[in-house]
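Student: I have a structure I would like to understand better, so I am pasting it below and will then ask my questions one at a time.
The values are calculated or read from the model by the stated rules, or taken from the named source; none is laboratory data. Just so you know, these numbers come straight off a predicted model, no measurement behind them. A quick note on method: Cβ atoms are made from the backbone with ideal geometry, for glycine too, and the neighbour counts reach across all protein chains shown.
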């Protein structure tokens, strides 16, 4: 029996290392879970990209759920997710709100002219100051906000067809059914 | 005097280099103590984007923004604890290099101690077993016990 102890020890260690490999291939290791999930979205007041004299606020967006998509023209991964968002936008069931992050307005407009504009509303955070309140640290990031202004889901990184089907759509389906 | 001119020029150029290095991120600290506090605080916080770097070291855009934010919060008279809480509220405890002792970090804090205790228990058990096998040297029964001990 005592002969088996080192072997059992080895098996336990191999099991632990195997678990580590399995665990780390299953999820994005660089994504930090947001502490804002199930909390009210932070207050913000941002100018619209195309009408900088008008602003959008947390209050003005209350009443209907929306997907807040943080993007920038300098962000390469945003170009990856953009076609996915564009194809999904009409059938998503929630409004797609664009959050232009640390971008020159002219660059953003040129980028949208090339890639298409699926957003029903477009806000611009040129300094990135408001994004700190949202815990944004890299584009693209997406927040699902319900009709009461509560953040229900966050995805860090591009929305791929897999993320869309396996995470985002179930999260939208799980939203409270009757918006005030 | 004329011979000294290149030397003077070189010295000035060196100073200019040092001034430029400082000018990458010029923050208007009111005194040296404030600057030390700022450096100390940013060195304790992790950049959320390049996760193996501190906010003080990182060159990522978000690290620059957060450093500026920390500086602004310091100007508003916030304490180090308040500033850390501000970042934790937005970026989770991930930003702290020194995680607090809480229920979900017990394993992190006391796991090594647990492994040490298990190891110590195993060592003590082995020593006891061997010493028990070795004490009655004259009896014939110990032969088999000794053989078993040699398997290790």
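Student: Counting only residues that are assigned to a loop (DSSP other than H, G, I, E, B) and in contact with a helix residue (DSSP H, G or I) (Cβ under 7 Å, 6 or more places away or on another chain), which one in region B:26-47 is modelled with the lowest pLDDT?
Tutor: Across region B:26-47, the extreme among qualifying residues is B:27.
Student: Turning to a different aspect of this structure: Take the residues in region B:83-92 that are more than 8 Å from chain A (Cβ to nearest Cβ) and surrounded by 14 or more Cβ atoms within 10 Å (Cβ to Cβ), then tell me which one is nearest to the chain's Cα centre (by Cα).
Tutor: B:84
Student: A follow-up question, please. Quick one: residue A:13 ticks every box in (1) surrounded by 10 or more Cβ atoms within 10 Å (Cβ to Cβ); (2) outside any helix (DSSP H, G or I) bar one, so which box is it?
Tutor: The single condition residue A:13 does not satisfy is (2).
Student: Which of the residues spanning region B:50-62 are crowded, with 18+ Cβ neighbours inside 10 Å and either at pLDDT 95 or above or more than 9 Å from every other protein chain (Cβ to nearest Cβ) (or both)?
Tutor: Of everything in region B:50-62, those that are crowded, with 18+ Cβ neighbours inside 10 Å and either at pLDDT 95 or above or more than 9 Å from every other protein chain (Cβ to nearest Cβ) (or both) turn out to be B:55, B:58.
Student: Across region B:105-127, what is the number of residues that are modelled with pLDDT under 90 and exposed (fewer than 11 other Cβ atoms within 10 Å of the Cβ)?
Tutor: Adding up the residues that qualify gives 1.
Student: Right, another one. Return a yes/no flag: does region A:156-176 have any residue that is buried (at least 21 other Cβ atoms within 10 Å of the Cβ) and more than 13 Å from the chain's Cα centre (by Cα).
Tutor: No - not one qualifying residue is present in region A:156-176.
Student: Just name the residue that is nearest to residue A:44 (Cα to Cα) out of those in region A:109-131 that are assigned to a helix (DSSP H, G or I) and within 14 Å of chain B (Cβ to nearest Cβ).
Tutor: Checking each candidate, the answer is A:130.
Student: One residue is enough: does region A:146-154 have a residue meeting the conditions under 14 Å from residue A:82 (Cβ atoms) and within 14 Å of chain B (Cβ to nearest Cβ)?
Tutor: no
Student: Let me ask something additional. For region A:17-28, give me each residue that is surrounded by 10 or more Cβ atoms within 10 Å (Cβ to Cβ) and either part of a loop (DSSP other than H, G, I, E, B) or within 14 Å of chain B (Cβ to nearest Cβ) (or both).
Tutor: A:24, A:28
Student: Within 14 Å of chain B (Cβ to nearest Cβ), touching a residue at least 24 places away in the same chain (Cβ under 8 Å) and surrounded by 10 or more Cβ atoms within 10 Å (Cβ to Cβ): does that describe residue A:6?
Tutor: no
Student: Kindly provide the set of residues from region A:59-81 that are touching a strand residue (DSSP E or B) at 6+ places or on another chain (Cβ under 8 Å), assigned to a loop (DSSP other than H, G, I, E, B) and over 12 Å from residue A:100 (Cβ atoms), ordered by number.
Tutor: Answer for region A:59-81, where residues must be touching a strand residue (DSSP E or B) at 6+ places or on another chain (Cβ under 8 Å), assigned to a loop (DSSP other than H, G, I, E, B) and over 12 Å from residue A:100 (Cβ atoms): A:61, A:64, A:65.
Student: Can I ask one more? Of the conditions (1) within 14 Å of another protein chain (Cβ to nearest Cβ); (2) assigned to a strand (DSSP E or B), residue A:138 fails just one. Which one is it?
Tutor: (2)
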